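Heads up, the thing below is written out as structure tokens.
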Amino acid sequence: MFDTVLIVDWSGGNDRGTSPKKDAIWTGIARAGLAEDPVYHRNRQLAEDWISRFLAAEQAAGRRVLAGFDFAFGYPAGFGRGLTGTDDPFAIWDWFATHVHDSPSTNNRFDLAGQINARFPGIGPFWGNGLARDIPDLPRKGLARQGHGLPEKRAAEQQAKGAFAVWQLAGAGAVGSQVIMGLPVLARLRHRFGADLAVWPFQPLTPPIALVEVWPSLIAKTIAATCPPGAIKDAHQVRVLARALSALAPEDLARMLDVPATAEGTILGLDHVALLEQAASAPVLRNDCFALPQGVHWTPVDQALAHLRQHLPPVAGVQPQPLGAAAGHYLAQDVSALRAHPPSPNAAVDGYGFAGPAGPGAQSLTLVQGRAAAGQPFAGVVPAGHAIRILTGANLPQGVDTVVMQEDVQATDTAITFQGPLKQGANARAAGEDMTAGQIIARQGRRLTPADLGMCAAAGIGDVRVYRPLRVGILSTGDELRDPGSAIAEGQIFDANRPMLAALVRQWGHEAVDLGRAPDDRNILRGILDQGAATCDVILTSGGASAGDEDHMSALLAGTGSLALWRVAMKPGRPLAMGVWDGKPVLGLPGNPVAAMVCALVFAHPALAVMAGGDWPEPQGFTVPAAFAKTKKAGRREYLRARIRDGKAEVFASEGSGRVSGLAWADGLVMLPDAAMTISPGDPVTYIPFDSFR
């Protein structure tokens with residue numbers, strides 16, 4: 001329906017200065033589920049000019065725009081007739097465009113509201129004077145209003161939990177100023193673009209530009225859950241909402257827009273909050289996300305990996321997780337320490353604490369009564385020239401900054417002696433020397449380890465927000481396949497790929513979903529793909545990843561317009577069929593088990609990690625002497641099944657991709673670069689252990 005979504009977070013205040021900040025105007029742009037960085041506008045004049053130029057540029061480029069503004073497009077029933085003599089909402093827009101006087105540093109919205117109130121009986125409907133001076137007919141408190149005869153809220157605000165009335169101009173939660181200062185801008189946009197612009201829900205959205213009313217708080221939970229620490233919420237919410245609306249299927253967006261027209265207007269998505277939340281929390285892949293540049297015939301491995309890294313977003317949802325159950329999950333947002341570690345200065349050893357430093361030679365200090373132990377702090381003060389018994393981990397009492405080890409001390413019941421010198425702060429830990437309160441200790445995208453859990457616990461973290469485990473559907477294709485252990489006929493083989501790939505997926509921390517075997521029947525395969533798209537986040541297939549008569553996987557993906565058939569310059573491997581089925585990515589591996597496993601390690605492992613919300617993993621390789629000889633031609637990268645024996649890399653006797661036993665024989669892969677080379681025993685080669693692909 002629309003090529004571009006523009007979301008505008010408006011402001012009724014004055015110029016906010018040059019540096020980006022909250023409570024200002026922010027705009028967010030997204031296309032096909034991919035959002036650009038939000039843009040900050042310091043005042044309404046600059047914002048209006050930018051929006052007008054942006055819409056004109058999109059129109060010139062032939063792109064249809066859905067432009068959402070986060071303020072009401074209308075007022076409660078009866079207001080328009082009392083102000084303009086008609087219920088036509090555009091008459092209200094034009095009236096405000098005529099009467100509002102606005103500059104970066106001042107405007108007349110409060111005085112104008114008082115003048116409007118004077119047109120109605122009683123006191124009101126507007127209230128909330130943000131100026132120091134009193135304004136005739138504009139009460140400062142909402143409770144002072146009476147007898148104006150208008151509803152407090154539109155039907156939309158009555159339905160939207162937490163929405164404020166348009167009559168409030170100042171104070172916490174006020175939205176009335178945004179409406180008064182926003183409607184003149186909409187009126188001018190409407191007159192500038194004429195027949196090329198329509199306003200929802202008042203007009204049919206057939207022109208190339210559509211203005212709609214939005215309220216980011218409809219998806220407040222997702223916005224809060226995904227907002228990075230320290231980020232400006234206003235900027236983040238326009239990005240999230242723009243991305244969500246642009247990712248909606250056309251039929252879903254059409255359902256949201258299908259509402260009866262009323263003079264009050266309404267909020268887009270008000271009756272479809274769950275659908276909007278789902279779109280906001282689960283980014284959708286573009287159909288062309290796997291497409292390589294035109295003219296590419298043989299794709300180098302590094303180019304293929306770079307393409308995946310650039311185009312794949314996280315596709316898993318976000319959930320809160322108790323820290324104790326978070327190991328192996330990918331962080332969905334940064335974690336900041338709630339408490340310093342250590343929280344107070346403490347002793348690093350068992351010994352005696354005093355005020356340092358201690359000079360050279362014999363030192364003698366009087367002992368105070370009592371001691372300091374971990375969890376049992378000393379409540380008193382240690383005077384100068386005195387010491388106190390202190391144990392490892394105990395908070396340093398007042399008057400103590402240095403600890404002498406008990407092994408270096410001669411002690412009686414009343415005094416200690418030891419040999420100096422001892423510098424000030426010796427054997428003592430400073431507060432926060434490990435972590436400070438508010439410090440980011442774990443970044444979004446990290447896969448949490450047991451050590452991470454210990455660190456977070458020490459910093460007071462009880463729960464973290466993580467991506468839920470990626471559900472990866474595993475599917476094998478081909479008439480010749482049978483399940484291991486079943487009866488088998490001539491010309492049939494056991495399916496080695498499905499159990500192997502499922503085990504790899506689980507080893508990588510994802511959830512493996514067995515989609516079974518698909519025969520060489522396009523209709524049956526289509527049904528399995530439909531099932532996989534409905535229950536999984538990603539579908540990983542083997543077989544059918546070529547362009548032959550029985551390669552039905554490639555044919556079906558080609559029918560969606562999303563097929564990218566990669567001929568990767570590598571051995572074993574080469575044919576990779578990638579595409580999108582019903583919004584879910586499909587990675588099609590070769591059918592040969594050796595090629596399937598190598599391609600899974602090289603391509604599926606990092607791709608799944610990113611789609612699970614993680615950082616792009618780089619397998620750790622090691623330079624070791626070769627225990628083999630080989631001559632290799634230029635033009636492709638080769639991966640040899642290998643293992644380390646006596647500190648050298650030996651390779652499997654046969655490079656044939658049909659020798660499945662070589663996978664079990666090996667502990668890793670020797671990677672030979674794209675260039676031609678001759679390898680002799682003892683030459684350095686790159687060895688990548690299988691354990692590096694975790």
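See the values below:
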read-out	value
Kyte-Doolittle at least -0.5, axis length at least 18 Å by Cα - qualifying DSSP helices, the chain	44-60, 176-193, 233-247, 522-535
Two-site label geometry, Ile440 and Thr98: point separation in nm, points 7 Å out along Cα→Cβ	5.3
Straight-distance crosslink candidates among lysines, where the alpha carbon sits under 27 Å from Lys221 and sequence neighbours closer than 8 are dropped	Lys21, Lys22, Lys153, Lys161, Lys233, Lys584
Net charge of Cβ neighbours under 14 Å - reference Ala61; Lys, Arg +1; Asp, Glu -1	+1
Label point distance in nm, Ala457-Arg309, each placed 7 Å from Cα along Cα→Cβ	3.5
Lys141-Glu618 FRET efficiency (beta carbon distance; Förster radius 56 Å; 0.05 resolution)	0.35
Positive-pole candidate from Gly353, Gly380, Asn427, dipole of the range 346-429, charges at beta carbon	Gly380
Linear extension gain, Asp521 paired with Thr678, 0.36 nm per residue minus alpha-carbon span	52.0 nm
Other-chain or far-sequence residues with amide H under 5 Å of Trp215's (modelled H)	Leu268
Dipole magnitude (debye, nearest 20) for the range 346-429, charges at Cβ of Lys, Arg, Asp, Glu	160
Charge tally in the Cβ shell below 10 Å around Pro357, where Lys, Arg are +1 and Asp, Glu are -1, Pro357 excluded	0
Inter-centroid distance (Cα atoms) of the range 1-17 relative to the range 489-537, Å	46
The range 579-684: trypsin sites (Lys or Arg not before Pro) in DSSP coil with no more than 16 other Cβ atoms inside 10 Å	Lys633, Arg659
Helix-only [θ]222 nm of the chain, DSSP H runs n ≥ 4, -39500 (n - 2.57) each, per residue, nearest 500	-7500 deg cm²/dmol
Test item: Cα-centred dipole of the chain, Lys/Arg +1 and Asp/Glu -1 on Cβ, debye	780
Rg followed by Dmax, in Å, when the range 471-611 is reduced to its Cα trace	13.7, 42
Gain in span if fully extended, Ala56 to Gln419, counting 0.36 nm per residue against the direct Cα distance	122.5 nm
Which labelled figure in [x] 44.6; [y] 30.9; [z] 35.9 is mean projected area of the Cα convex hull in nm², once derived from the coordinates	[x]
Approximate spin-label separation Phe202-Ala430, in nm, with each point projected 7 Å along Cα-to-Cβ	6.3
Amide H contacts of Gly478 (H built 1.01 Å from N, under 5 Å, at least 5 apart or other chain)	Ala518, Asp520
Residues whose placed amide H lies under 5 Å from that of Ile441, excluding near-sequence neighbours	Val335, Ser336, Ala337
Among Ala32, Phe418, Cys227 the positive-end extreme of the charge dipole of the chain (Cβ point charges)	Phe418
Dipole in debye (nearest 20) - the range 622-692, about Cα centre, beta carbon charges: Lys, Arg +1; Asp, Glu -1	220
Within the range 471-611, percent of DSSP bridges classed antiparallel, to nearest 5	35
Extended-chain gain in nm, criterion 0.36 nm per residue less alpha-carbon gap, Asp15 and Leu131	40.1 nm
Highest average packing first - 327-339, 256-268, Cβ atoms within 10 Å	327-339, 256-268
Karplus-derived HN-Hα couplings along the range 149-159 (A = 6.51, B = -1.76, C = 1.60, θ = phi - 60°), whole Hz, x at Gly and Pro	x, 10, x, 6, 9, 5, 4, 5, 5, 5, 7
With eigenvalues of the C-alpha gyration tensor scaled by 5 and rooted, the range 545-694, Å	31, 17, 13
Net charge of neighbours whose Cβ lies under 13 Å from the Cβ of Thr402, counting Lys and Arg as +1 and Asp and Glu as -1	0
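Just so you know, all these numbers are worked out from the coordinates, no wet-lab data involved. Just so it is clear, the structure is predicted and the values come from calculations on it, not from any experiment. FYI the Cβ positions are ideal-geometry reconstructions off the backbone, even for glycines, and counts take in every protein chain you see.
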